[in-house]
Protein chains: 2
Amino acid sequence: MTDKNVLSDFRPNDHNHEACIAAALEIASAVCRERELRLTPLRRRVLELVWQQHMPVGAYDLLDALRGDGRRADPPTVYRALDFLVENGFVHRIESLNAYVGCGEPEHAHNGQFLICGNCSRVAEMEDPAISKLIREKANALGFRISQQTIEVTGLCGECRERAQT
Amino acid sequence: MTDKNVLSDFRPNDHNHEACIAAALEIASAVCRERELRLTPLRRRVLELVWQQHMPVGAYDLLDALRGDGRRADPPTVYRALDFLVENGFVHRIESLNAYVGCGEPEHAHNGQFLICGNCSRVAEMEDPAISKLIREKANALGFRISQQTIEVTGLCGECRERAQT
DNA sequence: TTAAATTATGTTATATTGTATTATTACTGT
DNA sequence: ACAGTAATAATACAATATAACATAATTTAA
């Protein structure tokens, strides 16, 4: 099993995260230019905040962070920015956590399949065609036409699993 | 493709729903007796209310219904009952809707895979081992040990799809 | 290059969903 | 009757999300 289809794996805590954030913003910037979307300062800032960690962030955490910037902010502000980011694929919403996480590959539209570590809270994103295809087929067999797949899996990431075996 | 692994398919609107509810309560009753769980009047009533339709119900709708019974009820009342029902597999929580739906087969533990019609809101439940297995394998390949799978799919059920092709 | 239209944001208020906590009641077995 | 456990009641609050309307910024197009 060499195919992995991993859009973003669990990141070691010591990776160069500044570069990581910068890259996400750079890509978003380019994609928006190409698609004629408006990555306004607010939206850009929210995206940056979402990328502060490789784990889901709640809307109200983002709100606090925006307020920390000195600017006034209220729920609609952050929810609107999130709507834009989610709608255009820069951020995914994790339904089972009511939280948001940066997308590992915003260039092409997809739903993503999420592995959520219950211990360290980090998230990995897969986009495995075999999984989506199988689900689509099974649904089709019932006459169901899929428009969106939500696949969120909880458990222990490799690192936490090893650490747990004391 | 004859294997379907469907725990509960989309029910036609004209099926005998009274029987349907009665059956669900009967099964829950039997399972509880067997496992020495206490299906108290409150829990039983909440389960019954969840089964009023084959579509997800919000906790606060249940709360209103309980109040409609004449009894006093507050959020913890319904959430505790739901916790019990979910924990013991009589009801599933649909994360993407913050809502609850009756389980089509509470006799054995499982996560369920849900098809949610965006038009009529009805839900079908599958429990397809091929799907869970594939996801488990892909996750394992990343060193991830799964404890729970959340699979919720939105789209159009067969009936609504036909109707849409005007 | 203004006016109109569109899009984005600000602002206030409120709706919805979910928990923590403490107290009380009702069963279970001795 | 009593201790131990499970269930429920009751209050308060935390967390998440949207409605509705006002203003500002940006784009379009005359």
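The values are calculated or read from the model by the stated rules, or taken from the named source; none is laboratory data. Nothing here was measured: the structure is a model prediction, and the numbers come from that model. Every residue, glycine as well, gets a Cβ built from its backbone with ideal geometry; the counts of neighbours run over all protein chains shown. Accessible surface is based on the protein model in full, side chains and every heavy atom, while ligands, DNA and RNA are left aside. Shrake-Rupley method; radii C 1.70, N 1.55, O 1.52, S 1.80 Å.
Residues that are within 14 Å of chain B (Cβ to nearest Cβ), within 15 Å of DNA strand C (Cβ to nearest atom) and out of contact with any Ser or Thr (no Cβ under 6 Å at 6 or more places or on another chain) do occur in region A:76-86, at least one of them. Only one entry in A:31, A:86 is within 13 Å of DNA strand D (Cβ to nearest atom) and open to solvent by less than 60 Å² (accessible area, probe 1.4 Å), namely A:86.
Across region B:103-116, the qualifying residues are those that are closer than 21 Å to residue B:61 by Cβ and either open to solvent by 20 Å² or more (accessible area, probe 1.4 Å) or at pLDDT 95 or above (or both), and the one among them that is farthest from DNA strand C (Cβ to nearest atom) is B:104. Where residues in region A:34-52 are of a type outside the set (Asp, Glu), out of contact with any helix residue (DSSP H, G or I) (no Cβ under 8 Å at 6 or more places or on another chain) and open to solvent by 60 Å² or more (accessible area, probe 1.4 Å), which of them is nearest to the other protein chains (Cβ to nearest Cβ)? Filtering region A:34-52 for residues that are of a type outside the set (Asp, Glu), out of contact with any helix residue (DSSP H, G or I) (no Cβ under 8 Å at 6 or more places or on another chain) and open to solvent by 60 Å² or more (accessible area, probe 1.4 Å), the one nearest to the other protein chains (Cβ to nearest Cβ) comes out as A:35. Of the residues in region B:60-73, at least one is within 13 Å of DNA strand C (Cβ to nearest atom), closer than 24 Å to residue A:93 by Cβ and more than 16 Å from the chain's Cα centre (by Cα). Being more than 16 Å from DNA strand D (Cβ to nearest atom) and open to solvent by less than 60 Å² (accessible area, probe 1.4 Å) holds for only one residue in B:24, B:59, and it is B:24. When residues in region B:120-137 are screened for being open to solvent by 50 Å² or more (accessible area, probe 1.4 Å) and without any contact (Cβ under 8 Å) to a residue 60 or more places away in the chain, 3 of them pass.
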